[in-house]
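Participant: Below is one structure. I have some questions about it.
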Amino acid sequence: MVRKSKGRQKIEMVKMKNENNLQVTFSKRRTGLFKKASELCTLCGAEIVVIVFSPGKKVFSFGHPNVDCVIDRFANINPPNPRQHTDMQLSEARRNAIVRDLNNHLTQVTEEFEIEKKRTEDLKQKRKNSNMPENWWEEPIEELNLSQLTEFKCGLEKLRKTVTTEASKNFQAIVPRHNFYGGSSNNSTFGICDDHAGNIDTDLDLYNHQRMVARNTFACNLNNMMVPYHITTPFGNIGNSNIIEGFTPEYNQNPNKLCFKQEHMSECDHHSAHPPRFGHGYY
Amino acid sequence: MTRQKVKMAFIENEFSRKATYKKRKRGILKKANELATLCGVPVGVIIDSPYDLTPEVWPSREDMDNVLSQWQRLPVMDRTKKMLNQESYLKQSISKATETCKKLTKENKELEMKEVMFDCLSGKTSPPRIEKSDLRGCGNVIEQYLRNLNRRIEILSKNDGASSSSVHAAATTSVAMPIVELGSSSTSFCDMIRQQQIQSNMNQNVRGLDLNQQQW
């Protein structure tokens, strides 16, 4: 097995020669050291302070309960007085609860990451195993010649058409004809949250988009209080109840600022600061 | 080397706790030493616990005092800018980890959509059968692929001139490409390619026949 990187090789315990490597090493090892310190505090309830100066003369510090407190005690600057003691105990209890939650959260995220990593492995393995020599288009683009590329392009463009047609079949919501994403004008049949690199926004799936459309439909029809009876969603005709159930419009003084109580705040709400830009190429 | 994963919580068992403390303290000091040596920077560590009579100081009291005086010479803002306690450190870790995880999820989704795209091309599946929630993602991947294809075509056409329309004999015909409408029919890209191959083989056979006739 060919080694791709220098990882897990023994290194000499002397100052590193390469400036860039030194900087990177510093960064990584400092983070690791702080991680170990944090773990020690959680597991054993120790108090600790770590002070590190960077090659660029900046200082990084980690302290539990906090840097100044431990340093002061060490230097005997502030002998703790008895009245402070109970206060400290209370705040310590609160701190511990917070840290406990944070640790759990971190563990959870790390586990999710491991799962995703495994998924990447599986997907890559699947690609390797599924090599059918007659499917030349599955080879990397660099290995194709010009005529293959042109043919491939042709076929892909046709595929794109059918995919687009399929996708637009799924959208038959009642949409007001004027701007419904305040500001952006478009005639697309559906919105695409897509940055210019054409990357997929996994947060914004079709269902959430449907709710965004319905929500904005409400926004436009506010004055008339017109409630669409019938919204066709990608998942078939859901009658009045399901979509609207999730929405309890609260009307405040300013009709432009509607706030909707939604049961499941989708991640796409974070995107409300930038109205979705509609990608090109969908016709 | 698989070990048991340690639960990140206060160790209830006193003996385990003390043992863990001793081991991990040693480990931290070792790591601090490595960091200081490899990067040639001042490092100071103080560890205190019920298990130690006096706080553990590294590298030594004098060195620590030097570090501390260097520390105190700094303006308060510089000291606190990168100061962390458990809470802030953990929050930082969580956001870093979440971001990396999100990125990876996105990449995995793209890989998955690429497979769907290939399956469509080879006839294993077709757009009507794609999961509705995947349609947009698939469309985006197709878009991306087309962009790369076009870029590559541009590069090759520029460098080309006459030489490279050297055709890959097995894959294409010398006849103009038949444009087969994929549209609603179930003809996949893959079938189209095979038809061309069959076509080109037939052409070659025909030529072969002619030659034979000429020999007569």
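A short reminder: the numbers here are calculations on the coordinates, not readings from a lab. Not measured: the values here are computed from a predicted model. A quick note on method: Cβ atoms are made from the backbone with ideal geometry, for glycine too, and the neighbour counts reach across all protein chains shown.
Participant: Please give the average number of partner chain Cβ atoms lying within 10 Å of the Cβ of each residue in A:25-32, rounded to a whole number.
Facilitator: 4
Participant: Provide, in order from the shortest bin, the percent of all Cα-Cα pairs of the range B:1-90 in each 5 Å bin, continuing until the bin that contains the maximum pair distance.
Facilitator: Taking all Cα pairs of the range B:1-90, the binned fractions are 3, 10, 14, 20, 22, 14, 10, 5, 2, 0 percent.
Participant: Among the listed pairs B:82/B:109; B:81/B:109; A:36/A:57; A:58/B:5; A:128/A:161, which are separated by more than 30 Å between their Cα atoms?
Facilitator: Working: B:82/B:109 36 Å; B:81/B:109 38 Å; A:36/A:57 23 Å; A:58/B:5 35 Å; A:128/A:161 28 Å.
Those over the limit are B:82/B:109; B:81/B:109; A:58/B:5.
Participant: Once you average over the residues of A:86-98, how many Cβ atoms of partner chains fall within 10 Å of each Cβ? Don't skip to the answer; put the middle values down first.
Facilitator: Values: counts 0, 0, 0, 0, 0, 0, 0, 0, 0, 3, 2, 0, 4.
Average per residue, whole number: 1.
Participant: To continue, here is another question. Using the Karplus equation 6.51 cos²θ - 1.76 cosθ + 1.60 (θ = phi - 60°), what ³J(HN,Hα) coupling, rounded to whole Hz, does each residue of the range B:90-102 give in order, writing x for Gly and Pro?
Facilitator: 5, 4, 4, 4, 4, 5, 4, 5, 4, 5, 4, 5, 4
Participant: By average Cβ neighbour count within 10 Å, what is the ranking of B:4-14, A:36-46 from highest down?
Facilitator: On the way: B:4-14: 11.3, A:36-46: 22.0.
Top to bottom by mean Cβ count within 10 Å: A:36-46, B:4-14.
Participant: In addition: Considering only DSSP states other than H, G, I, E and B, which GluC sites (Glu not before Pro) in the range B:106-154 qualify as loop sites with at most 16 other Cβ atoms within 10 Å?
Facilitator: Details: sites: B:107, B:110, B:112, B:115, B:131, B:143, B:154; in loops: B:131.
Qualifying residues, ordered by number: B:131.
Participant: Could you order peptides B:39-46, A:8-15, A:139-146, A:100-107 by the average number of other Cβ atoms within 10 Å of their residues, highest first? Don't skip to the answer; put the middle values down first.
Facilitator: Details: B:39-46: 21.4, A:8-15: 8.4, A:139-146: 13.2, A:100-107: 16.4.
By packing density, highest mean first, the sequence is B:39-46, A:100-107, A:139-146, A:8-15.
Participant: For the range B:34-140, which trypsin sites (Lys or Arg not before Pro) pass both filters: DSSP loop (anything but H, G, I, E, B) and at most 15 other C-beta atoms within 10 Å? Don't jump to the answer; show the numbers that get you there.
Facilitator: On the way: sites: B:61, B:73, B:79, B:81, B:82, B:91, B:96, B:102, B:103, B:106, B:109, B:114, B:124, B:129, B:132, B:136; in loops: B:82, B:124.
Here the trypsin sites (Lys or Arg not before Pro) that fit, given the DSSP loop and packing criteria, are B:82, B:124.
Participant: Hey, any idea what the orientation-averaged projected area of the convex hull of the range B:51-131's Cα atoms comes to, in nm²? Walk me through the intermediate numbers first.
Facilitator: Details: hull surface 46.4 nm².
Average of the hull's projected areas for the range B:51-131 equals 11.6 nm².
Participant: Across peptide B:144-154, what mean number of C-beta atoms from other chains lies inside 10 Å of a residue's C-beta?
Facilitator: Numbers: counts 4, 8, 8, 3, 5, 11, 2, 1, 7, 7, 1.
What the average comes to for B:144-154 is 5.
Participant: Can you pull the Rg over Rh of the range A:81-131, Cα-only, Kirkwood?
Facilitator: Working: Rg = 22.1 Å, Rh = 14.4 Å.
With Rg and the Kirkwood Rh in hand, the quotient comes to 1.54.
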